[in-house]
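The values are calculated or read from the model by the stated rules, or taken from the named source; none is laboratory data. For clarity, every value in this text was computed on a predicted model and none was experimentally measured. No Cβ is skipped: glycine too gets one built from the backbone with ideal geometry, and neighbour counts run over all protein chains shown. When the accessible area is computed, the model is the full protein with side chains, heavy atoms only, and any ligands, DNA or RNA have been set aside. Shrake-Rupley method; radii C 1.70, N 1.55, O 1.52, S 1.80 Å.
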Amino acid sequence: HDPKFIRNFSIVAHIDHGKSTLADQLLLQSGAISQREFREQLLDDMDLERERGITIKARAVSIHYTLDGQTFELNLIDTPGHVDFHYEVSRSLAACEGAILLVDATQGVQAQTVANAYLAIAGDLALVPALNKIDMQAARPEEIKEEIFNTLGLDPDEILAVSGKTGAGVPELFRALIDRIPPPSGDVQAPLRALIFDSKYDDYQGVVVYVRVVDGTIRVGQKIRLMAMEREYEVIGLGQFRPREVPVQELGVGQVGFVVANIKQLSDVRVGDTITDAHTPAASALPGYQEPRQVVYCGLFPATHNQFEDLRTALQKLALNDSSFTFEPETSDALGFGFRCGFLGMLHMEIVQQRLERESDLSLVQTAPNVTYEIITRKGETLHVSNPTRIPDAGEIEEFREPYARVNFLVPSDNIGAIMALCEERRGDYIKTDYITPTRVIVTYELPLAEMIYDLYDKLKSATRGFGTMDYELLGYRPNNLVRLDVLVAGDRVDALSIVVHRDFAERRGRKLVKKLKEEIDRHQFEVAIQAAIGSKVIARETISALRKNVTAKCYGGDITRKRKLLEKQKEGKKRMKQVGNVEISQEAFLSVLEAG
Ligand code: GDP
Ligand code: MG
């Protein structure tokens, strides 16, 4: 395994630009899979992924390719393309020396093309730019090369042209990978250091750890130590995906593969940790990665009574394969026992929820999603609060901070006005506009994360007739004039309905919210007051009059946005009525705060 003949790389691309298809084409042309298997998209093996056309979990395959009589081991480390999964992209890239930057020749540069290219550049990787889908009539190779030059400064003469579908240009791509990406440069003699870049839970083998060996050699039977976690195990099995699992006896410098070591808990393994030899450990660990950061939280409660333990079991099971979402028990006066869950983003939240319902047969009630707030109290403590119910009363707060993100919108220049309007109404701060061609621009804003999480993506799509794309990076917390808005039904505060709003918008939000709740709550035998309040000050009020006749059904209009979908999904579930005081509140009402945004 001379590292001279190894290349480790990823494919970075915007969603749907053809990463999975190209990966399969590489396997096909190297002889690792047959024409029939090629059609079955080997790398995406989760149902949900295939349906959504995105790769959620990073994976690695070893491709053996012979060029000019010499066989090379090309390790392709797959990365997800969606904005929510930035951290998975960076951790996969850390195991590589290079990346194919793949751009759909009919679509051109998109927001995630730029974002992922920057991640690769930041990681010091050699970029191999390639236009994809050149078999298509609508391909515009020259124009797109110019876009790549204008956004990323890459030499148009070095941009390859391929088709993942037909295989055209792929031999040239193999040659470019071998020529342009440097071989791994570890120390063969040094004590073992292997980087953990991914892990998954397997019912039979326990935790399977994906590694990239940096120095030394890992062998079957070796006693290893996970440096950060300070745990020791014996290597039971090693292997590579080619793309089928092939067992090996050892993995040397630069090689990528998987380790089975009888590890029982996914939480024993930290992605970014270093594996070393237990007897002759390395002096220092490899630089780790960023921890996954949860940015969106919501409460999940079982729709049926007594399913709390089932929900816990389902969450624990899911956590075995996705260590990037968090959950902890939460008690709500209104909804009972449930969990507060944290996600990497809105898409991640949807995926986890769908998997929970699909894999466990549970029907769930979800509260409106929110971000984490940072609060400096009068006593000088710093709190991070991811549940609006837990926000202290205004009198105890010295400074109220919320997370911000820098958002890049890549849109047709005709839509600049619409994007700016969208951001201005969401408290955005304008940063700049960059033209990448006379007709396409990158508009940059800084926005409170709370204003982005529900439906910004859907709004962008409708404002640009589908042509706009966006990407964001988190910036940290900034102080704002924020308040906790409470809802009182028949005089009782309903904890699961509390939200955080900017004071300037509090009255408008409050009025919309109580109006919406009035529609969602059925009439009773008596009059029910619904109030929105900041502290003890009531800022909006509606009254549901006592029952006389049937309430007319509410009409919905407008586009199908993400929040709309959430609401509809809730409706599919069994209608859960919750007694709050002597008033019955339906589960739909708990999401009405989304409608009142
Ligand atoms: P990913 O999201 O980047 O993994 O993209 P996929 O590989 O799933 O491809 C997205 C869509 O583009 C699929 O419908 C593919 O069949 C199609 N596609 C991918 N590569 C090509 C290509 O080279 N030519 C054509 N015509 N279609 C392609
Ligand atoms: Mg894919």
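A compact table of results
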| quantity | calculated |
| --- | --- |
| Listed residues 236, 100 arranged by accessible area, highest first, probe 1.4 Å | 236, 100 |
| Whole-Hz ³J(HN,Hα) from phi, Karplus 6.51 cos²θ - 1.76 cosθ + 1.60, for segment 468-475, glycine and proline x | x, 10, 9, 8, 9, 10, 7, 10 |
| Karplus (6.51, -1.76, 1.60) ³J(HN,Hα), θ = phi - 60°, over segment 347-355, in Hz, Gly and Pro reported as x | 5, 4, 4, 4, 5, 4, 5, 5, 5 |
| Ellipticity estimate at 222 nm from DSSP helix runs (n ≥ 4, -39,500 (n - 2.57)) divided over the chain, nearest 500 | -7000 deg cm²/dmol |
| Solvent-accessible area per residue for segment 213-347 (1.4 angstrom probe, square angstrom) | 44 Å² |
| Rounded tilt (10° steps) of 562-572 against the dominant C-alpha axis of the chain | 70 degrees |
| Exposure of residue 505 as accessible area (Å², to 10), given a probe of 1.4 Å and all protein chains | 60 Å² |
| Rounded accessible area per residue of segment 381-504, 1.4 Å, Å² | 42 Å² |
| Calculated FRET efficiency for the pair residue 190/residue 465, C-beta based, R₀ 45 Å, to 0.05 | 0.20 |
| C-alpha center-to-center spacing [segment 252-284, segment 135-203] in angstrom | 27 Å |
| Helix 170-180 vs. the chain, principal-axis angle (Cα, 0 to 90°, nearest 10) | 80 degrees |
| Surface accessible to a 1.4 Å probe, residue 92 within the full protein complex, Å² | 0 Å² |
| In degrees, nearest ten, helix 308-319 long axis to first principal axis of the chain (Cα) | 30 degrees |
| Efficiency of FRET between residue 359 and residue 245 - r from beta-carbon atoms, R0 22 angstrom, step 0.05 | 0.40 |
| Theoretical FRET efficiency, 1/(1+(r/R0)^6), r = Cβ-Cβ of residue 232 and residue 4, R0 41 Å, to 0.05 | 0.80 |
| Amide H within-cut-off set for residue 63, under 5 Å, with H built and near neighbours excluded | 74, 75, 76 |
| Order of exposure, largest accessible area first, which applies to 165, 19 with probe 1.4 Å | 165, 19 |
| Fraction of alpha-carbon pairs over 41 Å apart in the chain - percent | 32 percent |
| Accessible surface of residue 304 - all protein chains present, 1.4 Å probe, nearest 10 Å² | 50 Å² |
| Pairwise centroid distance, computed over Cα atoms, of segment 461-524 with segment 1-25, Å | 43 Å |
| Accessible area of the chain belonging to carbon and sulfur atoms, whole % at 1.4 Å probe | 47 percent |
| Among 380, 278, 15 - extreme Cα towards positive end, dipole of the chain, charges at beta-carbon | 380 |
| Placed amide H near residue 161: partners under 5 Å, 5+ positions off or other chain | 131 |
| Separation in nanometres of the label points that stand 7 Å from Cα toward Cβ, at residue 264 and residue 136 | 5.1 nm |
| Karplus 3J(HN,Hα) series, Hz, for segment 429-444 with 6.51 cos²θ - 1.76 cosθ + 1.60 (x for Gly, Pro) | 10, 5, 10, 6, 10, 10, 7, 9, 8, x, 10, 10, 9, 10, 9, 10 |
| Cut-off under 5 Å, modelled amide H: who pairs with residue 278 long-range | 223, 224, 225 |
| Antiparallel DSSP beta bridges within the chain, as percent of all bridges there, nearest 5 | 85 percent |
